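Below you'll find the structure, written out as structure tokens, and then a few comments.
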Amino acid sequence: MQQEKKQDYIIRATAANGSIRAFAATTGNLVQYARQIHHTSPVASAALGRMLTAAAMMGSMLKGDKDLVTLQIRSLGPLKGIVVSADAQARVKGYVFQPNVDIPSKYPGKLDVGSAVGEGYLSVIRDIGMKEPYAGRIQLVSGEIAEDLTYYFAQSDQTPSAVGLGVLVDTDTSIRCAGGFIIQLMPDATEDTISKLETKLNQIPYVTDLLDMGKSPEEILEMILGDMELKIIDKMPTEFYCNCSKERVEKALISIGKEELEKIIAEDKQANLHCHFCGKEYDFTEEELKALLAEAK
Ligand SMILES: [Zn+2]
């Protein structure tokens with residue numbers, strides 16, 4: 001039965017008297033959109049979808065309107081790398097370096113994201129309007145992304161967290177559903193709260209199974225924090241959105257310098273560039289390139 005697609009959104013909540021903050025998201029549409037523009041294989045869709053879901057929730061944590069958070073994985077596995085970025089309105093964009101990776105599953109029905117990513121590093125860069133963006137980097141724990149982010153939050157942010165991320169890819173390689181949660185302990189969390197939360201987290205099914213059961217972000221948080229004074233703060237929409245424009249691409253072309261531009265004009269007499277994040281194509285004629293050359297150093 002064909003179900004009507006509901007809009008993607010994030011629920012923000014607190015629990016245990018504010019000593020826990022929690023986020024849960026449903027992101028099936030934006031992951032499906034990313035799959036369509038990047039033509040990702042199932043395992044690449046899952047890896048990118050998990051990253052986009054995490055970035056959406058981390059975007060919703062940003063305080064300033066113009067703040068940005070970027071997550072980068074550089075790795076030795078066949079995917080090579082993933083870059084995703086989110087703004088404070090939880091608008092996300094992202095891509096994988098090798099979108100057509102196909103590797104066998106280790107367990108039936110579970111895509112082997114960890115092996116596709118392989119060993120490497122995860123960087124989180126928060127641009128919060130300071131001179132230098134704040135950046136933290138960790139070595140990947142498993143390449144499964146949720147585990148790596150859990151380790152990142154503990155190491156770099158000193159915030160004990162539980163991260164669950166899931167992407168369900170259908171047999172026709174479309175995205176059936178995607179989503180996840182981030183639960184964080186604030187410094188005033190009591191031992192009792194911590195052990196209660198740990199017990200709950202050990203009991204709940206995998207995120208992909210929760211999504212498969214049709215659980216909403218509200219229901220997932222209810223399952224984990226329902227008996228810990230869960231308070232839903234708000235619900236915000238999330239979507240795939242790229243802010244690229246011809247103007248931005250022009251700036252990038254100017255910044256490569258006179259010599260490089262002269263070479264392009266002499267050899268190709270035109271330029272065709274595409275945005276890594278959304279795949280949009282930008283064409284430049286010889287005249288346009290010559291105008292940019294006048295501005296380059
Ligand atoms: Zn773009």
Fill in the blank from the handout: Taking Cα atoms only, helix 246-255 is inclined relative to the longest principal axis of the chain by an angle, in degrees rounded to 10, of 70
Problem - the chain, relative contact order in percent, only Cα pairs under 8 angstrom and at least six apart counted - result: 23
Handout entry: Rounded to 10°, Cα long-axis angle of helix 191-203 versus longest principal axis of the chain
Key = 80
Exercise for the section: Mind putting together the pair-distance distribution for the chain? All Cα pairs, 10 Å bins, whole percent per bin, short to long. Expected result: 6, 26, 32, 22, 9, 4, 1, 0
Completion exercise
Sorted by chain and number, the residues with a modelled amide H under 5 Å from that of residue 176, at a separation of 5 or more or across chains, are 168, 169, 170
Exercise for the section: Pairs of Cα atoms under 8 Å, at least six residues apart: use those to get the relative contact order of the range 246-295, whole percent. Expected result: 39
Practice task
Tell me what the chain gives for mean residue ellipticity at 222 nm when only DSSP H runs of n ≥ 4 count, each as -39,500 (n - 2.57), the sum divided by the residue total, rounded to 500 deg cm²/dmol.
Solution key: -10500 deg cm²/dmol
Fill in the blank from the handout: With 0.36 nm assigned to each residue of separation and the Cα-Cα distance removed, residue 234 to residue 157 gains 25.3 nm
Problem - Between helix 146-155 and the chain: long-axis angle, C-alpha atoms, 0 to 90°, nearest 10 - result: 90
Fill in the blank from the handout: For the chain, the charge dipole (Cβ of Lys, Arg +1; Cβ of Asp, Glu -1; about the Cα centre) points to a positive end, and the Cα of 46, 223, 135 closest to that extreme belongs to 135
Practice task
Please list, in chain and number order, the residues 5+ apart from residue 274 or on another chain whose amide H is under 5 Å from its amide H, with Hs placed from the backbone.
Solution key: 282
Practice task
Can you check how the C-alpha radius of gyration of the range 71-149 compares to 2.2 N^0.38 Å, as a plain ratio?
Solution key: 1.21
Practice task
Can you find, among 293, 255, 279, the residue farthest towards the positive end of the dipole of the range 246-295? Put +1 on the C-beta of Lys and Arg, -1 on that of Asp and Glu.
Solution key: 279
Exercise for the section: Let me see the pair-distance distribution of the range 246-295: every alpha carbon pair, 5 Å bin width, integer percents in order. Expected result: 5, 22, 35, 24, 11, 3
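We did not get these values from a lab; they are worked out from the coordinates using the rules stated. These figures come from a predicted structure and were not determined experimentally. We place every Cβ from the backbone using ideal geometry, glycine too, and count neighbours over all the protein chains shown.
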